[in-house]
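The numbers here are math on the coordinates, done by the rules we state, and not lab data. Just so it is clear, the structure is predicted and the values come from calculations on it, not from any experiment. Heads up, the Cβs are rebuilt from the backbone with ideal geometry, glycines too, and the neighbour counts pull from every protein chain shown.
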Amino acid sequence: MDIGCGTFPYFLSYTSFQEKFAVDKQSPSQILADIQWHTLNLDVEPYLPFEDSYFSCITLLAVIEHLDPINLVSLLAEVYRVLHPGGVLILTTPAAWSDGILKRMARWNLVSAEEINEHKFAYTLPLLGWYFGKAGFEMRKVKFGYFEWMFNLWAVAER
């Protein structure tokens, strides 16, 4: 499942899974036969309408910075609930220190101003760890790091 995929699920379109689910607050720009779409506003209600332990892999790629941080623990707890034991969550988000740089780059039209202006919060690795812990993930099963010249953070959490 790819949460926050936008109106077109690029990642799911180019990966091979037995079943594919897309979740976004917007409706899809086109219907793809092999992807099941769920239109959900996770800022309003961070609930995933799936049975416990259903998914082997969930992605949140450049999404959590667009969500209200007050709901992040609830969303991650939902992700934990719908992951089967051994399943993984893959998450990316801009690093907190890069927030000012990204805003300047947006003013200069070097990156999408619309995208950057929609950011609600910026995260650090320790803060992400806190959210994962509060949601039920065991810290020994969570790995973190940086990519793209340390502008972005990644996390892989196993249930």
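In segment 1-100, what GluC sites (Glu not before Pro) fall in a loop by DSSP, with at most 10 other Cβ atoms inside 10 Å?
Numbers: sites: E19, E51, E65, E78; in loops: E19, E51.
Counting only loop positions with at most 10 other Cβ atoms within 10 Å, the GluC sites (Glu not before Pro) in segment 1-100 are E51.
Using only helices, what value at 222 nm comes out for the chain when you add -39,500 (n - 2.57) per DSSP H run of length 4 or more and divide by the total residues, to the nearest 500 deg cm²/dmol? Present the calculation step by step, with values, prior to reporting the outcome.
Working: 5 runs with 39 residues, N = 159.
Taken over the chain, the calculation gives -6500 deg cm²/dmol.
In segment 1-84, which chymotrypsin sites (Phe, Trp or Tyr not before Pro) are in a loop and have at most 10 other Cβ atoms within 10 Å, using DSSP for the loop call?
On the way: sites: Y10, F11, Y14, F17, F21, W37, Y47, F50, Y54, F55, Y80; in loops: Y14, F17, Y47, F50, Y54.
In loop regions of segment 1-84 (DSSP not H, G, I, E or B), the sparsely surrounded chymotrypsin sites (Phe, Trp or Tyr not before Pro) are Y14.
Would you kindly compute the Cα radius of gyration of segment 1-83 and its largest Cα-Cα separation (Dmax), both in Å?
12.0, 35
Taking segment 124-159, which GluC sites (Glu not before Pro) meet the DSSP loop condition and have no more than 12 other C-beta atoms within 10 Å? Please list the in-between numbers first.
Values: sites: E138, E148, E158; in loops: E138, E148.
Sparse-neighbourhood loop GluC sites (Glu not before Pro): E138, E148.
If we count every other residue with Cβ under 13 angstrom of E45's Cβ, Lys/Arg +1 and Asp/Glu -1, where does the sum land?
Values: positive: K25; negative: D43, D68, E78.
Once all neighbours under 13 Å are counted, the net charge is -2.
What is the local net charge at F132, summed over the other residues whose Cβ is closer than 15 Å to its Cβ (Lys, Arg +1; Asp, Glu -1)? Show your work: numbers first, answer last.
Details: positive: R81, K134, R140, K141, K143, R159; negative: E78, E138, E158.
Counting the neighbours of F132, the net charge comes to +3.
Given the Cα-Cα distance of K134 and D43 and 0.36 nm per residue of separation, how much length would full extension add, in nm?
Numbers: separation 91, 0.36 × 91 = 32.76 nm, distance 1.80 nm.
Answer, rounded to one decimal: 31.0 nm.
What is the gain in length, in nm to one decimal, between S13 and K141 on full extension, counting 0.36 nm per residue of separation less the C-alpha to C-alpha distance? Show your work: numbers first, answer last.
On the way: separation 128, 0.36 × 128 = 46.08 nm, distance 2.82 nm.
Separation in residues times 0.36 nm, less the Cα-Cα distance, equals 43.3 nm.
Using a cut-off of 25 Å between alpha-carbon atoms, which lysines can reach K141, once sequence neighbours fewer than 8 places away in the same chain are excluded?
K20
Taking the Cα centre of the chain as origin and charging only Cβ (+1 Lys, Arg; -1 Asp, Glu), how large is the dipole, in debye to the nearest 20?
Working: 12 positive and 18 negative charges, 98 e Å.
Computed about the Cα centre, the dipole is about 460 debye.
For F8, which sequence-distant residues (separation of 5 or more, or a different chain) have an amide H within less than 5 Å of its own amide H, given hydrogens modelled in the peptide plane?
Correct list: S29.
For the chain, what are Rg and Dmax over the alpha carbons, in angstrom?
When restricted to Cα atoms, the chain yields Rg and Dmax of 15.4, 45 Å.
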